[in-house]
Amino acid sequence: MITFVPREKVSKNWILIAPILSIVFTIFFGLLIFTFLGYNPIETLYQIFVSPFSRIDRISDILVKACPLIIIGTGLMLCFKSNVWNIGAEGQFIMGALLAGFIALSFPNIESKFFLLITLVTGFIGGALWAFIPAILKIKLNVNEILVSLMLVYVAMLFIDFIVRGPLRDPMSFGFPLSKPYPEGALINKIPFPGIGFLGQLHYGILFVVLLIPIAWIFVNKTLGGFKINVLGSAPQAAKFAGFSQNSITLTVLLLSGGLAGVAGVIEVSANIGQLQPEVSFGYGFTAIIVAFLGRLNPLGILFAGIIIATVKLGADNAQMTMGIPKVVTGLFEGILLFFLLTGETLQKYKIQWSERK
Amino acid sequence: MIKFCMRIFSLIALSTSVLFFLVSNSFAGSPTKVGFVYLTTPGDHGWTYAHELGKQMVEKRFGKDVKVSVVENVPEGPDATRVIRELAKQGNEIIFTTSFGYMEPTLKVAKEFPNVKFEHITGYKRSKNVATGNIRFYEGRYIQGVVAGLMTKSNKIGYIGAYPIAEVIMGINAFAQGMKSVNKNASISVIWANTWYDPVKEADAAKVHIAEGADILAQHTDSPAMLQIAEKKGAMGFGQSTDMSAFAPKAQLFASINNWGPYYIKKIEELRNGKWNTGDGPNHWPGNVWGGLKSDMLVISKFQNMPADVAQKAQKALDGIRNGKINIFAGPLIDNTGKEIIPAGKALDDGALWGMNYYLKGVNGKVPG
């Protein structure tokens, strides 16, 4: 039997060495796989890791792709820190986007960008409401939140599917499942930089990330709320003795993370799609779980983790376009990367112990 | 010193060879760069695989004169916009986006790259540099109806539809027309899978149909699951998009095969000759390319697992559609509530097909929504 025993002291050096070693291992196995499959390994690694940074508009693409991941990941961080396992951010993302979309499509002529504030708040409410269901079931009936939040993802997927095929379908769409386009007031525009113009597709939604990260950092590290969350996660008994209400913390983190996922949904749809369609999320809610852990449940870490994941995703597309490497191969490589990064992190905190099976 | 000279020499050699390469390349007429965007990985069956076969025909036909870039597994949203834009930036001159959900992304990028040509598969919106292409899938379904009508013993046909949109409904109705032309007693029941591709759901739907007595199955979804169930349970059916006889050697009667190659080749040729255009088709849906059996964009695989006289009648239907003797939606057409859609002597035009939200006689139930 293999057991993981927490290390008494985490070596400062290993905090640095572990990720570097992980990357070295990843690159080694990457070289091996790409060579074995007959692709130029150096060029492949270049395409995956470097080419996404090779043009300013590509860097913008990374930020655009990372934006929802970081927002959702930050919300999930609060949950995971307090041992609340919200696996349903994908559904909360969808419900946020859908509720905001409903508001947006109800005012077809609105042009003022102040309207965005309303849609963003609506999106927060939509996501939070969807997360409220697992929260209340957990608090009142002690139902496992993993199952409820996960299953509600599929409910949300089918619900938006139904909505864009039925009530919100554009009558001019020949029966195809698309809503009407959003009004100007509900669209998030690209950022014009004076003297330069647009930097690729970089849009105002990124400002939300810029605001969110420091706020989240202060909340987690400098406020009583953040302290409660930390204590509940690392020492539930201590939290109990201190009189922290586990229920109210559970409710708070689920509402916040659901709300943030909903906001991410609004930003994604308003900036990049501009109308409702059967699929709006493409797995952001699930990928963000990886982002939260890869970022070590720390806002700054999540910022970087989001950028890393986005980079590799875009790099995989570039490798496909320029070298014809199928996505399954780059997907394999992504898996190796995540495996080693998370292994590195686990091993720096835990020792492996082999013991006889009892 | 010698080393230095060597270095200079090699540098000169290198730069001249590069220069020569560039010059010779431009004189030889550089290859036309063609981009493809796929919804999934091609695999070995179904929608995207049919496009992959078309792409291979392009490569075979043009050889070194084209350079093809493919991006597979592109979700129908912001990722599509980014990938299409990147393909345009990398100098692709014509880009085929091969799924309906790429419509808005294609139009968006096309606006930014007015000199790049775009071909969107199965969309209905066009612009100056966006053309659309589609296949008359329903023609194959008429022949399926003929074969089903002749082969069924229980007179119950099970049909699995993806979504209740016009394209699928016109397929069901064409099937009904074919069936009624040989068998007035049979009827079609439809189960909506609400997915284009989900082997589990498709298999479940097939099982339900068979349990309810259907002995011939048809599908407007993408996986071979239905045929595999039919094979196991002694029913028969039709393959979709690509030949699926390998999955169900005893159950597949024939497959309607999407043959995108000729369309791709035609459009690329037009581009190379400077004659590419978005067509001047009518304003309603079908777009500038909506080809069927006649133009070989839809191909019927070998008739198998059926008696010779059935195959003969199927062949007759096929020939009839090809030479225009059979007009699938010619009046009198009556819907399954008894309402007249169009009187004798008239026929539905293409625009009317894209407005179909009713079942013709021979189909049970009603269109959801």
Hey, A:Phe102 in a helix (DSSP H, G or I), within 14 Å of chain B (Cβ to nearest Cβ) and of a type in the set (Phe, Trp, Tyr) or not: no
Condition check: over 28 Å from A:Val312 (Cβ atoms), part of a helix (DSSP H, G or I) and at pLDDT 90 or above. Does A:Leu300 satisfy that? no
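Only residues that are of a type in the set (Gly, Ala, Ser) and touching a residue at least 24 places away in the same chain (Cβ under 8 Å): list them for region A:290-331, please.
If the condition is that a residue be of a type in the set (Gly, Ala, Ser) and touching a residue at least 24 places away in the same chain (Cβ under 8 Å), then A:Ala292, A:Gly295, A:Ala305, A:Gly306, A:Ala310, A:Gly315, A:Ala316, A:Ala319 are the ones that fit.
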Taking region B:84-103 and the residues there that are more than 7 Å from chain A (Cβ to nearest Cβ) and hydrophobic (A, V, I, L, M, F, W, C), the one that is surrounded by the fewest Cβ atoms within 10 Å (Cβ to Cβ) would be B:Ala88
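Regarding region B:330-345, can at least one residue be identified that is in contact with a Gly (Cβ under 9 Å, 6 or more places away or on another chain) and either among the basic types (Lys, Arg) or under 28 Å from B:Pro262 (Cα atoms) (or both)?
So far as region B:330-345 goes, no, none of its residues is in contact with a Gly (Cβ under 9 Å, 6 or more places away or on another chain) and either among the basic types (Lys, Arg) or under 28 Å from B:Pro262 (Cα atoms) (or both).
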In region B:1-28, the residues that are among the small types (Gly, Ala, Ser) and either at pLDDT 90 or above or surrounded by 10 or more Cβ atoms within 10 Å (Cβ to Cβ) (or both): B:Ser10, B:Ala13, B:Ser15, B:Ser17, B:Ala28
Based on what the data block shows, is A:Gly324 surrounded by fewer than 19 Cβ atoms within 10 Å (Cβ to Cβ) and either within 14 Å of another protein chain (Cβ to nearest Cβ) or under 24 Å from A:Phe93 (Cβ atoms) (or both)? yes
With the requirement that a residue be of a type outside the set (A, V, I, L, M, F, W, C) and touching a Pro at 6+ places or on another chain (Cβ under 8 Å), what does region A:251-292 give you? A:Gly265, A:Glu268, A:Asn272, A:Gly274, A:Gln275, A:Gln277, A:Pro278, A:Glu279, A:Tyr284
Taking A:Phe93 as the residue in question, decide whether it is within 14 Å of chain B (Cβ to nearest Cβ) and in a helix (DSSP H, G or I). yes
Total residues in region A:1-41, condition more than 17 Å from A:Ile336 (Cβ to Cβ) and of a type in the set (A, V, I, L, M): 7
Exactly one of A:Ser60, A:Ser51, A:Ser82, A:Ser22 is at pLDDT below 90, polar (S, T, N, Q) and at negative phi, and that one is A:Ser22
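Find the residue count for region B:77-101, including only residues that are under 21 Å from A:Gln275 (Cα atoms) and either touching a strand residue (DSSP E or B) at 6+ places or on another chain (Cβ under 6 Å) or not hydroxyl-bearing (Ser, Thr, Tyr) (or both).
Selection size over region B:77-101: 12.
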Tally, over region B:55-78, of residues that are of a type in the set (D, E, K, R), surrounded by 20 or more Cβ atoms within 10 Å (Cβ to Cβ) and either in a helix (DSSP H, G or I) or more than 7 Å from every other protein chain (Cβ to nearest Cβ) (or both): 1
Go through (1) within 14 Å of chain B (Cβ to nearest Cβ); (2) under 20 Å from A:Leu338 (Cα atoms); (3) free of Cβ contacts under 8 Å to residues at least 40 places away in the same chain for A:Leu45 and report which single condition fails. (1)
Within region B:104-129, restricting attention to residues that are in a loop (DSSP other than H, G, I, E, B) and in contact (Cβ under 8 Å) with a residue 60 or more places away in the chain, which residue is surrounded by the most Cβ atoms within 10 Å (Cβ to Cβ)? B:Gly123
Sort out which residues of region A:189-242 are in contact with a helix residue (DSSP H, G or I) (Cβ under 9 Å, 6 or more places away or on another chain), assigned to a loop (DSSP other than H, G, I, E, B) and hydroxyl-bearing (Ser, Thr, Tyr), and write them in order of number. A:Tyr204
Scan region B:357-369 residue by residue and report those that are crowded, with 17+ Cβ neighbours inside 10 Å and modelled with pLDDT of 90 or more. B:Tyr359, B:Leu360, B:Lys361, B:Gly362, B:Val363
Only listed residue being under 23 Å from B:Tyr197 (Cα atoms), within 8 Å of chain A (Cβ to nearest Cβ), in contact (Cβ under 8 Å) with a residue 24 or more places away in the chain and in contact with a Pro (Cβ under 6 Å, 6 or more places away or on another chain), chosen from B:Thr48, B:Thr81, B:Thr41: B:Thr81
Given the criteria out of contact with any Phe, Trp or Tyr (no Cβ under 7 Å at 6 or more places or on another chain) and hydroxyl-bearing (Ser, Thr, Tyr), does B:Tyr359 qualify? yes
Going through (1) hydrophobic (A, V, I, L, M, F, W, C); (2) within 14 Å of chain B (Cβ to nearest Cβ); (3) surrounded by fewer than 21 Cβ atoms within 10 Å (Cβ to Cβ) one by one, A:Trp354 fails only at (2)
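Name the residue that is surrounded by the fewest Cβ atoms within 10 Å (Cβ to Cβ), counting only residues in region B:157-172 that are more than 14 Å from every other protein chain (Cβ to nearest Cβ) and of a type outside the set (Ser, Thr, Tyr).
My answer is B:Ile160.
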Matching entry among A:Gly73, A:Gly38, A:Gly96 (being of a type outside the set (S, T, N, Q), more than 23 Å from A:Leu314 (Cβ to Cβ) and under 16 Å from the mean Cα position of the chain (by Cα)): A:Gly96
Being farther than 21 Å from A:Ile206 by Cα, within 14 Å of another protein chain (Cβ to nearest Cβ) and of a type in the set (Asp, Glu), is that true of even one residue in region A:269-291? yes
Which ones in region A:304-320 are over 19 Å from B:Pro78 (Cβ atoms) and either within 13 Å of another protein chain (Cβ to nearest Cβ) or within 10 Å of the chain's Cα centre (by Cα) (or both)? A:Ala305, A:Ala319
Filter region A:165-188 down to residues that are within 11 Å of another protein chain (Cβ to nearest Cβ) and outside any loop (DSSP other than H, G, I, E, B) and give me whichever is surrounded by the fewest Cβ atoms within 10 Å (Cβ to Cβ). A:Pro181
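Restricted to region A:257-272, and to residues that are hydrophobic (A, V, I, L, M, F, W, C) and surrounded by 24 or more Cβ atoms within 10 Å (Cβ to Cβ), which residue is farthest from A:Gly225 (Cα to Cα)?
Going through the qualifying residues, I end up with A:Val269.
The values are calculated or read from the model by the stated rules, or taken from the named source; none is laboratory data. This one's a predicted model, so the numbers in the text were calculated from it and none came from an experiment. No Cβ is skipped: glycine too gets one built from the backbone with ideal geometry, and neighbour counts run over all protein chains shown.
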